[in-house]
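Student: Dropping the structure in here first, questions after.
The values are calculated or read from the model by the stated rules, or taken from the named source; none is laboratory data. Since we're looking at a predicted model, the values are computed, not measured. Because the Cβ atoms are built from the backbone with ideal geometry, glycine has one as well, and the counts that use them run over all protein chains shown. Side chains are part of the model used for accessible areas, which takes the heavy atoms of the whole protein and leaves out ligands, DNA and RNA. Shrake-Rupley method; radii C 1.70, N 1.55, O 1.52, S 1.80 Å.
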Amino acid sequence: LGVDGLLAEEIFIALMEGAQRAQASDSPLQAADSFPKLAIIGGAGRLARRLVEVLNWPAARLSIIERGDALDCEALRSAEVVLITVPLESLADVARAAAPLVRRDALLADIGSLKFEVCEIFRESGPAECLGLHPVFGPTVHSLRRQKIVVCPVREGPRAKEFLARFSSRGAELVVSDAKHHDHLMAA
């Protein structure tokens, strides 16, 4: 029909992703209580909101802790997964303050673009499972399909495995990396 090949490919990709989103919304809903309690420090940010949306996290299992809120709160102490999503310039300070408050059987993770410093803080923080995550996309994505998330493991366990599986099940590509190597590549 005279349509440019690249344009045709983009149209077909958009159609397939739209169909997959429609099918996902028609699939049986996962029971809300099968989701761990998630506390997001900095959860009002655009990327944090997008992650909650694409993971279809139930509001009843979600707590948002924002600037001005006390970290030493029930939402943080009872969370099974704590995700730090603050700006990079605040990340180390927030990680140092939050880590001692996280349950021993919880997962502590962040989504910053640099990993070495925060992973070292996590490593020294105690027994909780810890992951450094770097979603290599922004808040404008409509789906996690083919989106890359760099994973820098610190202490893995069942909660980390389950949390990462939620991203994989939505089509995200998980790329495991050492924190120092990740930061070297980011600098390059």
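Student: If Cys152 satisfies all but one of (1) surrounded by 14 or more Cβ atoms within 10 Å (Cβ to Cβ); (2) in a helix (DSSP H, G or I), what's the number of the condition it fails?
Tutor: (2)
Student: Quick one: count up the residues across segment 104-139 that are open to solvent by 20 Å² or more (accessible area, probe 1.4 Å), assigned to a loop (DSSP other than H, G, I, E, B) and in contact (Cβ under 8 Å) with a residue 60 or more places away in the chain.
Tutor: 5
Student: Given the residues Glu129, Glu120, which is the only one that is closer than 19 Å to Leu88 by Cα, of a type outside the set (A, V, I, L, M) and at pLDDT 95 or above?
Tutor: On the way: Glu129 fails: closer than 19 Å to Leu88 by Cα.
Exactly one of Glu129, Glu120 is closer than 19 Å to Leu88 by Cα, of a type outside the set (A, V, I, L, M) and at pLDDT 95 or above, namely Glu120.
Student: Within segment 89-102, is there a residue that is modelled with pLDDT under 90 and open to solvent by less than 60 Å² (accessible area, probe 1.4 Å)? Don't jump to the end; show me each part of the working.
Tutor: Within segment 89-102, the subset modelled with pLDDT under 90 is none.
The answer is no, given that none of the residues of segment 89-102 is modelled with pLDDT under 90 and open to solvent by less than 60 Å² (accessible area, probe 1.4 Å).
Student: Could you tell me whether Arg159 is outside any loop (DSSP other than H, G, I, E, B), in contact with an Asp or Glu (Cβ under 7 Å, 6 or more places away or on another chain), in contact (Cβ under 8 Å) with a residue 40 or more places away in the chain and not aliphatic (A, V, I, L, M)?
Tutor: On the way: outside any loop (DSSP other than H, G, I, E, B): yes; in contact with an Asp or Glu (Cβ under 7 Å, 6 or more places away or on another chain): yes; in contact (Cβ under 8 Å) with a residue 40 or more places away in the chain: yes; not aliphatic (A, V, I, L, M): yes.
Yes.
Student: In addition: Looking only at segment 155-169, count how many residues are open to solvent by 40 Å² or more (accessible area, probe 1.4 Å) and within 20 Å of Gly112 (Cβ to Cβ).
Tutor: Residues meeting the conditions: 3.
Student: Test Glu173 against the stated conditions and say whether it is closer than 21 Å to Leu55 by Cα, in contact with a strand residue (DSSP E or B) (Cβ under 8 Å, 6 or more places away or on another chain), open to solvent by less than 70 Å² (accessible area, probe 1.4 Å) and of a type outside the set (Val, Ile, Thr).
Tutor: Answer is no for this residue.
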